[in-house]
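Contents: one structure, followed by commentary.
The values are calculated or read from the model by the stated rules, or taken from the named source; none is laboratory data. Since the model is a prediction, treat every value here as computed from it, not as a measurement. Here the Cβ positions follow ideal geometry from the backbone for every residue, glycine too, while neighbour counts run over all protein chains shown.
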């Protein structure tokens with residue numbers, strides 16, 4: 001069997017440097033500072049947004065039981081599924097465009113997995129000490145001190161997980177009620193069960209799985225490389241400047257060595273445990289922690305910064321065409337969303353004939369047909385409707401009173417139509433006008449009116 005040799009330049013991804021637990025070294029710097037500010041903002045919005053009130057009710061709420069999504073003045077129903085599809089498609093194209101320009105900055109700065117993993121690592125560093133102290137603690141035999149430290153760390157992790165799960169569940173269950181019931185242990189079993197489930201997911205993902213979610217589970221890390229080109233901004237190591245690497249003292253002679261002092265801080269701070277000096281790897285999430293660590297070392301040795309940094313390999317001649325295609329797609333999707341919002345009605349109305357009896361003859365000898373009016377009020381206000389016949393003066397309605405429909409209510413009303421003059425056709429079209437009194441809007445719903453001649457024709 002022939003031996004296939006793989007050239008190093010043909011390798012586009014490698015596995016992390018170690019498969020054991022990664023002890024993330026805590027780092028400070030430009031990118032870490034901005035990530036921390038951004039993460040604080042995102043977490044604050046995530047927790048506090050369900051408490052925003054609109055019209056005396058929760059402004060944003062997924063009501064699974066009622067199958068509705070409330071967004072301030074809008075209440076969306078399964079009939080409004082198109083807007084959800086458009087939102088997800090827009091988010092996907094926006095993510096693809098950002099990835100093409102800036103790589104996996106979503107993963108490194110705003111992905112919940114990264115935010116919570118680094119948050120749990122921050123707690124670990126506060127309780128167990130630095131990364132070396134954590135490694136030493138894990139290697140020790142079990143004792144009272146180790147048990148105390150581990151219990152304290154996991155207790156805080158569980159508390160954060162419970163808060164995260166409660167905040168997440170508050171988008172599906174009224175927030176104020178949820179917090180009150182959970183803290184008083186009076187929440188329904190279903191709500192308690194789902195809260196514990198999501199708390200367990202958070203605890204396992206951020207505390208135990210960590211980088212393995214990005215390496216082996218998340219599909220984004222698998223296909224994102226297909227969206228890179230020569231002009232994508234990626235975290236890269238300048239091998240021409242850094243090699244050959246080697247340790248040295250400050251202000252010491254280089255002896256032909258490059259700027260890299262082989263301190264391995266770039267590996268110690270990486271949440272995925274990779275060595276960026278080995279080239280582009282799919283596990284890299286563009287978090288910039290290695291950039292901050294390396295720049296500190298370069299500053300201490302009075303070397304130029306950005307030995308490791310966000311760089312672009314060159315220019316891609318096809319990028320302008322791709323940008324235009326992404327731009328056109330995003331404009332089309334946004335236009336479709338505005339069109340949907342403009343044409344959306346907060347009223348769903350339908351009229352169905354009684355199919356059991358085509359017609360009946362009343363005591364006056366007039367023909368009557370029975371109908372059922374279905375009205376769905378998708379707004380957050382009580383609505384009053386009036387029903388009338390729009391295209392005939394020779395027909396009368398049995399329903400004359402206004403129809404009151406509460407917010408979110410689906411009202412079914414049965415009524416009959418009487419033909420004062422015998423119709424000349426076996427079946428004739430009748431148009432019903434449904435008028436919203438508050439907004440002075442009218443909806444026309446056509447249907448059929450059957451007479452006795454239609455019955456005779458059907459029998460023949």
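One table, with the values for the structure above:
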{"item": "Flag if residue 378 is without any contact (Cβ under 8 Å) to a residue 60 or more places away in the chain, in the same structural domain as residue 439 (by TED's automatic domain parsing) and crowded, with 17+ Cβ neighbours inside 10 Å", "result": "no"}
{"item": "Flag for residue 207 being surrounded by fewer than 17 Cβ atoms within 10 Å (Cβ to Cβ), touching a residue at least 24 places away in the same chain (Cβ under 8 Å), assigned by TED's automatic domain parsing to the domain that holds residue 117 and not in a loop (DSSP other than H, G, I, E, B)", "result": "no"}
{"item": "Condition met for residue 370 (at negative phi and at pLDDT 90 or above)", "result": "yes"}
{"item": "Subset tally (residues that are under 23 Å from the mean Cα position of the chain (by Cα) and either assigned to a loop (DSSP other than H, G, I, E, B) or outside the structural domain of residue 198 (by TED's automatic domain parsing) (or both)) for region 169-187", "result": "5"}
{"item": "Residue in region 252-266 that is over 18 Å from residue 105 (Cα atoms) and within 31 Å of the chain's Cα centre (by Cα) present", "result": "no"}
{"item": "Boolean, residue 83 is touching a strand residue (DSSP E or B) at 6+ places or on another chain (Cβ under 7 Å), surrounded by fewer than 18 Cβ atoms within 10 Å (Cβ to Cβ) and modelled with pLDDT of 90 or more", "result": "yes"}
{"item": "Top-ranked residue in region 423-434 [being surrounded by fewer than 17 Cβ atoms within 10 Å (Cβ to Cβ) and touching a residue at least 40 places away in the same chain (Cβ under 8 Å); ranked as farthest from residue 450 (Cα to Cα)]", "result": "433"}
